[in-house]
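Comments concern the structure below.
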Amino acid sequence: VLAHKFLTAPQASSSGFCNIIKYGTLCRTVVWPCLPPLLMYQYIRGKDEDCYATEVLYYKSGSRDAKAFYDTSRLNGSGHWRIQQDLETIRAAANAE
């Protein structure tokens, strides 16, 4: 009941109701159009950081087999070396006799 009063109190007066309309308009015209590009930027940045770390690991290992670190032939991003290792652990535990 207290939460309901807290949320509906700004609508009690006409000026409060107008402020709610103003804030809603601000959110629709400023916040929502900016949100998807920001989220996409964060996703790309995180993905790039992960790929860079994998490249550095590959370079410092001295290996010539790039597929050991990221196998592009695997489905849905399961080609990352850490995911390959985890899947192999799960497979070994599931097929234990």
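Derivation of every value follows stated rules applied to the coordinates shown; laboratory data play no part. From a predicted model like this one, the values you see are computed outputs, not experimental measurements. In this analysis, Cβ positions are derived from the backbone assuming ideal geometry, glycine residues included, and neighbour counts consider all displayed protein chains.
Where does the chain land at 222 nm, in deg cm²/dmol rounded to the nearest 500, when only DSSP H runs of n ≥ 4 count, each adding -39500 (n - 2.57), divided by all residues? Write out the running numbers ahead of the final one.
Working: 4 runs with 64 residues, N = 97.
Computed ellipticity for the chain at 222 nm equals -22000 deg cm²/dmol.
A full extension of the chain between Thr54 and Leu2 corresponds to an added length of 13.6 nm, given 0.36 nm per residue minus the alpha carbon distance. Largest first, the extents of the alpha carbon coordinates of the chain on the three principal axes equal 70, 37, 21 Å.
Please work out the Kirkwood hydrodynamic radius for the stretch 11-62, using every pair of different C-alpha atoms, and report it in angstroms with one decimal place.
Details: mean 1/r = 0.0693 Å⁻¹.
By the Kirkwood definition, the hydrodynamic radius is 14.4 Å.
Distance between the 7 Å Cα→Cβ label points at Ala96 and Arg45: 4.2 nm. For the stretch 54-63, the Karplus equation 6.51 cos²θ - 1.76 cosθ + 1.60, evaluated at θ = phi - 60°, returns couplings of 5, 5, 5, 4, 4, 5, 6, 6, x, 6 Hz by residue, with Gly and Pro reported as x. When you count the other C-beta atoms within 10 angstrom of each residue and take the mean per peptide, 63-69, 41-47 line up highest first as 63-69, 41-47.
If each residue of separation counts as 0.36 nm, what is the full-extension length gain between Thr89 and Leu26 once their alpha-carbon separation is subtracted?
Residue separation times 0.36 nm, minus the Cα-Cα distance, leaves 17.6 nm.
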